[in-house]
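Participant: Can you read through this structure? Questions will come right after.
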Amino acid sequence: MQRKMSTIVGLVLIAVIVLAANLIAGTVFKRAKIDMTEENLYTLSDGSINVLNSLDDTIAASFYYSRTAAAEIPQFKAYAERVLQLLEEYQAMSKGRFALEVLDPRPDTEIELTADRYGLQGVPLPSGERVFLGLVLKDQAGRDESIPFFSDQREPYLEYDVSKAIYSISHPEKEKVGVLSPLPIMGAGAENPFMRDREPRFTPWVFIEELRKTFRLEQIDLAAERIPDDIQLLLIVHPKDLSGPLLYAIDQYVLKGGRVVVFADPFAQIESQYEPEVSPEQRMALSYASDLPALFQAWGIELEKTGSRTAMPGAYEPGKDSKSPGIVVDPNLAYSMPTRQGYQDVPVWLRLSPENCDPHEIVTANLDSLLMICAGSIKKTTASPDIEVTPLIQTTDVAALMDDVMFRAGAFDPEQMRREFKPGSSKLTLAAKITGKFKTAFPKGAQPTRDETASPALPDGHLAESRSPGTIVVVADVDVISDAAAVRIQNLFGQRLVIAQNDNLSLVHNAVENLTGSDDLIALRSRGSSDRPFTTVQAILRKANQEFQAEEKRLNAELDKANQRLAELQRGTEEHQILNAAYMAEVEGLRRKTAETSSELRKVRKNMREDIERLGAWLKFVNIALVPLLVVVCSIVVAWLNALNRRRALRNQAAGKA
């Protein structure tokens, strides 16, 4: 009896100890975790932690999560919990400066009205109820910043979106962007060196109108000799014939830590729209290219060149001695456009898809479609470990270069391009991000202008190298952000209606937005997805479906052939009636063949199900039984080793007494 009571008391004590251990662990080690995901999805990056550490005041974060409604939508609930876990990680790492509150906006409640007031997006359900999954940030001054809805389509950018919102509310003033271009992209009153005799009014390019909604834009005069210090980003479009002092000013701006986005071009078609009509002979003498050779060299890149400008048009082998920036030709990306001969694929008009964009860079990660016209190729020229060149957009590996003679001559012939095309052997880079510490392109100061014979003395404050790492984005195409390539403009009842044709505007907006943020935001890259599909199961399904479709196709072909034969016999004359016996034998054979093929199809389906069931059983065994079995085996091994050690100790003890 006493032994039984001791056993019961021991079991109770074990239960109490386990319960207490769980409570203590849940309290003391609440934030303790080991992130074993492939891309550390549940761990904040250093950049996000730095954004939190830079907060001066506490930010109130209200997470509107329809938890009640989510119980009936497993996929929505799973992603909502993923977002909540990330926000809790922000709260834990913020040292009290990110105060998280979770709200459930149920129908007809004050919380739902508040969500609507902040502009959060409620997704309607068939029942009429709406589900919310948004975030509202409020600072001590009463300003607010919101993320209307966390879409699982943007899961790779989840951390960036949250960190960007935190940064934006802690830096409420609009960032100032300097715009430098010889083209009238800013609209009426912009300087236009291509039309000096008359100055008509121009409409701002659509991308400028879009940027004005988010940033303060300041036009930089082409005669400027200094970039203002309060410019947080310099946007350069079609840098053509810039003066020596202006190039030096750009150089020093970068070395001081300024960020730059450049759109250069080997042949900017949009430029021809701003010049008077010229004869073919005059046109051949013109250049529509823009380049920054001295600055690009200092930044570790160049626009890859082609052969002589007077050479016959055709593809050019990259790396050959050349004089002018080359135009990228890629038949795999050719855009189909109407010509006098009908629709033709134009291999210098490049239709780019997500496969051509770096999915890990914020600038290009979410782009679905781009159109680039007569783009150039960016080549890394430096071996310096201080400079990193990251391709953002690339061609396929058959792309090559050609000169611009065909275009300047007005002899645009897609068929000739295809006929004379010589495929390359590697991908060409159409856009790149350059990061690192740069050295000056002008160690002796500004280049002399046309009216000067010598460079001026080095000005006070001249920098020979970067004070800190800088970031530059270069896109080898100007037309990509022109209205002609990016949008379609319609007049609807007197209103100007702008319709995006692709993601060209998103490209420039992403680049400007990313580079006007803090260094920590620029360093953030897209993360992976928490969704981990069973790739082996999917492979089995694909293989089985391919087999099934092949068998089905063969069967349908045989049935079509038999039906045609049957129709021929039924339309026949008396001569065909004599063949009734042969006909019946043929039909019988067909039926037999059909039955055999149907049996084969059933066998394919059965094998497919068996493979999946077998894999499912194995996965269940691994998830349910394998770990406990391993624990049991390890326990048995440990117990056996302990018993062995005890017996050995007893033997040694007995031997010692003897």
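The values are calculated or read from the model by the stated rules, or taken from the named source; none is laboratory data. Predicted model only: the values in this text are computed from it and were never measured. Quick reminder, even Gly has a Cβ in these numbers, built from the backbone with ideal geometry, and neighbours come from all protein chains shown. To get the accessible areas, we keep the full protein, side chains included, count just its heavy atoms, and leave off ligands, DNA and RNA. Shrake-Rupley method; radii C 1.70, N 1.55, O 1.52, S 1.80 Å.
Participant: So in region 507-529, with the set limited to residues that are among the hydroxyl-bearing types (Ser, Thr, Tyr) and either surrounded by fewer than 21 Cβ atoms within 10 Å (Cβ to Cβ) or in contact with a Leu (Cβ under 6 Å, 6 or more places away or on another chain) (or both), which one is modelled with the lowest pLDDT?
Facilitator: Quick first cut of region 507-529, residues among the hydroxyl-bearing types (Ser, Thr, Tyr) only: 516, 518, 526, 529.
With the extra rule that they be either surrounded by fewer than 21 Cβ atoms within 10 Å (Cβ to Cβ) or in contact with a Leu (Cβ under 6 Å, 6 or more places away or on another chain) (or both), the set shrinks to 516, 518, 529.
Values: THR516: 89, SER518: 67, SER529: 50.
For region 507-529, the residue satisfying everything is SER529.
Participant: Here is a follow-up. Look at GLN91 and say whether it is under 24 Å from TYR160 (Cβ atoms), open to solvent by 20 Å² or more (accessible area, probe 1.4 Å), without any contact (Cβ under 8 Å) to a residue 40 or more places away in the chain and within 26 Å of the chain's Cα centre (by Cα).
Facilitator: Numbers: under 24 Å from TYR160 (Cβ atoms): yes; open to solvent by 20 Å² or more (accessible area, probe 1.4 Å): yes; without any contact (Cβ under 8 Å) to a residue 40 or more places away in the chain: yes; within 26 Å of the chain's Cα centre (by Cα): no.
Taking the combined requirement at face value, the residue does not satisfy it.
Participant: While we're on this one: Take THR310 and tell me if it is touching a Leu at 6+ places or on another chain (Cβ under 6 Å) and either of a type outside the set (D, E, K, R) or at pLDDT below 55 (or both). Write out each step before concluding.
Facilitator: Details: touching a Leu at 6+ places or on another chain (Cβ under 6 Å): no; either of a type outside the set (D, E, K, R) or at pLDDT below 55 (or both): yes.
When the stated conditions are applied, THR310 does not pass them.
Participant: Give the residues of region 112-128 that are aliphatic (A, V, I, L, M), surrounded by fewer than 16 Cβ atoms within 10 Å (Cβ to Cβ) and within 29 Å of GLU173 (Cα to Cα), sorted by residue number. Talk me through it step by step, then tell me what you get.
Facilitator: The first filter runs over region 112-128 and keeps only residues aliphatic (A, V, I, L, M), leaving 113, 115, 120, 123, 125.
Now narrow it down to the ones that are surrounded by fewer than 16 Cβ atoms within 10 Å (Cβ to Cβ): 113, 123, 125.
Across region 112-128, the qualifying residue is only LEU113.
Participant: Okay, moving on. Check whether at least one residue in region 417-426 is buried (at least 23 other Cβ atoms within 10 Å of the Cβ), modelled with pLDDT under 85 and in contact with a strand residue (DSSP E or B) (Cβ under 6 Å, 6 or more places away or on another chain), and report yes or no.
Facilitator: Scanning region 417-426, I find at least one residue that is buried (at least 23 other Cβ atoms within 10 Å of the Cβ), modelled with pLDDT under 85 and in contact with a strand residue (DSSP E or B) (Cβ under 6 Å, 6 or more places away or on another chain), so the answer is yes.
Participant: Among the residues of region 243-278, which ones are over 28 Å from the mean Cα position of the chain (by Cα), within 20 Å of LYS305 (Cβ to Cβ) and surrounded by fewer than 21 Cβ atoms within 10 Å (Cβ to Cβ)? Walk me through it before giving the result.
Facilitator: Of the residues in region 243-278, the ones over 28 Å from the mean Cα position of the chain (by Cα) are 243-253, 255-256, 271-278.
Still in the list and also within 20 Å of LYS305 (Cβ to Cβ): 247, 271.
LEU247, the sole residue that qualifies.
Participant: While we're looking at this one, here's another question. Give me the pairs, please: first residue somewhere in region 196-219 and over 22 Å from VAL487 (Cα atoms) and modelled with pLDDT of 85 or more, second residue anywhere and part of a loop (DSSP other than H, G, I, E, B) and open to solvent by 40 Å² or more (accessible area, probe 1.4 Å), beta-carbon distance under 7 Å, and either six or more positions apart or on two chains.
Facilitator: Taking only residues 6 or more apart or on different chains, the pairs are ARG216/LYS174.
Participant: With LEU350, LEU392 as the choices, which residue is in a strand (DSSP E or B), at pLDDT 90 or above, open to solvent by less than 10 Å² (accessible area, probe 1.4 Å) and under 30 Å from GLU159 (Cα atoms)? Full working, then the answer.
Facilitator: Details: LEU350 fails: under 30 Å from GLU159 (Cα atoms).
One residue alone meets the criteria, LEU392.
Participant: Any residue that is part of a strand (DSSP E or B) and modelled with pLDDT of 90 or more - is there at least one of those in region 266-285?
Facilitator: Pass one, region 266-285, residues part of a strand (DSSP E or B): none.
No, region 266-285 contains no residue that is part of a strand (DSSP E or B) and modelled with pLDDT of 90 or more.
Participant: Residues being outside any strand (DSSP E or B), farther than 19 Å from GLN75 by Cβ, open to solvent by 60 Å² or more (accessible area, probe 1.4 Å) and charged (D, E, K, R): count how many of those fall in region 129-161.
Facilitator: 1
Participant: Give the number of residues within region 458-505 that are of a type in the set (D, E, K, R), assigned to a strand (DSSP E or B) and free of Cβ contacts under 8 Å to residues at least 12 places away in the same chain. Lay out the reasoning, then the answer.
Facilitator: Just the residues of region 458-505 that are of a type in the set (D, E, K, R), to begin with: 460, 465, 467, 477, 479, 483, 488, 496, 503.
Now drop any that are not assigned to a strand (DSSP E or B), which leaves 465, 488, 496.
Now narrow it down to the ones that are free of Cβ contacts under 8 Å to residues at least 12 places away in the same chain: 496.
Residues in region 458-505 being of a type in the set (D, E, K, R), assigned to a strand (DSSP E or B) and free of Cβ contacts under 8 Å to residues at least 12 places away in the same chain: 1 in total.
Participant: Checking the conditions here, which among GLU81, GLU72, GLU39 is open to solvent by less than 90 Å² (accessible area, probe 1.4 Å), of a type in the set (D, E, K, R) and modelled with pLDDT of 65 or more? Give the derivation first.
Facilitator: Details: GLU72 fails: open to solvent by less than 90 Å² (accessible area, probe 1.4 Å); GLU39 fails: modelled with pLDDT of 65 or more.
Result: GLU81 is the single residue among GLU81, GLU72, GLU39 that is open to solvent by less than 90 Å² (accessible area, probe 1.4 Å), of a type in the set (D, E, K, R) and modelled with pLDDT of 65 or more.
Participant: If GLU210 satisfies every condition in (1) acidic (Asp, Glu); (2) at negative phi; (3) surrounded by fewer than 19 Cβ atoms within 10 Å (Cβ to Cβ) but one, which is the exception?
Facilitator: (3)
Participant: Right, another one. Regarding ASP368, is this residue acidic (Asp, Glu), over 26 Å from the mean Cα position of the chain (by Cα), open to solvent by 20 Å² or more (accessible area, probe 1.4 Å) and within 21 Å of VAL487 (Cα to Cα)?
Facilitator: On the way: acidic (Asp, Glu): yes; over 26 Å from the mean Cα position of the chain (by Cα): no; open to solvent by 20 Å² or more (accessible area, probe 1.4 Å): yes; within 21 Å of VAL487 (Cα to Cα): yes.
Judged against the criteria, ASP368 is not a match.
Participant: Does region 233-243 include one or more residues that are at pLDDT 95 or above, of a type outside the set (Phe, Trp, Tyr) and more than 21 Å from ALA289 (Cβ to Cβ)?
Facilitator: Yes.
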